[in-house]
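Okay, structure first, notes after.
No value in this document is a laboratory result; all are computed from the given coordinates. Just so we're clear, the structure is a prediction, and the values are computed from it rather than from any experiment. In this analysis, Cβ positions are derived from the backbone assuming ideal geometry, glycine residues included, and neighbour counts consider all displayed protein chains.
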Amino acid sequence: MSDVKFEKDMEATTESTDDYVLHLPRPLNLEEKKYLLAVERGDLPNVKRLLQLANKGKGKQLDMNCVDSLGRGALTLALEAENLEMVELLVVMGVETKDALLHAIDQEFVEAVELLLEHEELLTANQVIENAEKEIIHSWQKVDPASARYPMDMTPLVLAAQRNNYEILKLLLDRGATLPMPHDVRCGCDDCLQAATGDPLRLSSTRISEYKALASPSLIALSSTDPLMTAFRLSWELRELAISEPESRGEYMKLRRQVEKQVFHCRECSPDILFLYTLI
């Protein structure tokens, strides 16, 4: 009996391993290795030549969207090298951007963020022209969850706020990006109930991620008409969350201290306002 159980466990392990292997990057051929190496070295003429051949169908089995053993594609390599000319060439030649915008924000590569935002706007406009009723799917949402570097609910604005990058936040807000308020811990909407039933830990981590963004001093300064009052209210919310979610108390109290520091460093604060904040 134990032998039969052992065999079944081995079969299950093999199946799960096979599923995992399916998501691993495939080995690169020689042309693709040359292509990624040229991108990494900033060799614009060679990269342009290889991409032109690939677009004409004359490339020797060159997939312009290939990735190396670390899951890095051409755009990722160009962003890591902060090579704006290479990023522009790759985008113009039709390389899929996928989560490149998130990666550029993470790298705080402002010029690349602006370029990729303009490209994303073109892609979005094309989607609207093709089907106005269909929900718009952004490039960073098309990444396979198994190989994604960022959580699937991560957005450019949330990531920029977490990095507290003023320039990138302004670029995004000027283009109409919004950050929806997190749902209450006791929210009973269908989405929250489904998330709490399926994966409550993910729901909690998503809420923490959203509050990390809301606690960004740059975001508060750019999006609020009364930054001090916004900070007061946010500090109170974080205090309540620390009580409601004791398992995440450390994270919320850390964010609360960040907001407190922002208020107390404000030189324009009057003694009355500081006293009120101390009471809160």
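By other beta-carbon atoms within 10 Å, ranking Trp236, Trp140 with the fewest at the front produces Trp236, Trp140. The GluC sites (Glu not before Pro) of region 46-116 that DSSP puts in a loop, and whose beta carbon has at most 16 other beta carbons within 10 Å, are Glu82, Glu96, Glu108.
Can you classify region 57-162 as rounded, prolate or oblate using the Cα gyration tensor, where a ≥ b ≥ c are the square roots of its eigenvalues, rounded means a/c under 1.5, and otherwise it's prolate if a/b beats b/c and oblate if not? It is rounded, given that a/c, with a ≥ b ≥ c, falls under 1.5.
Neighbour counts of other Cβ atoms within 10 Å put Cys189, Cys66 in the fewest-to-most order Cys189, Cys66.
In this entry, region 150-253 is assigned a mean projected area of 7.0 nm², taken as a quarter of its C-alpha convex hull surface. Pairs Lys33/Lys142; Lys98/Lys134; Lys33/Lys98; Lys34/Lys56; Lys48/Lys98; Lys142/Lys254: which are spaced more than 22 Å apart, C-alpha to C-alpha? Distance filter (> 22 Å) returns Lys33/Lys142; Lys142/Lys254. Of the residues Asp191, Asp43, the one with the fewest other Cβ atoms within 10 Å heads the list, and the complete ranking is Asp191, Asp43.
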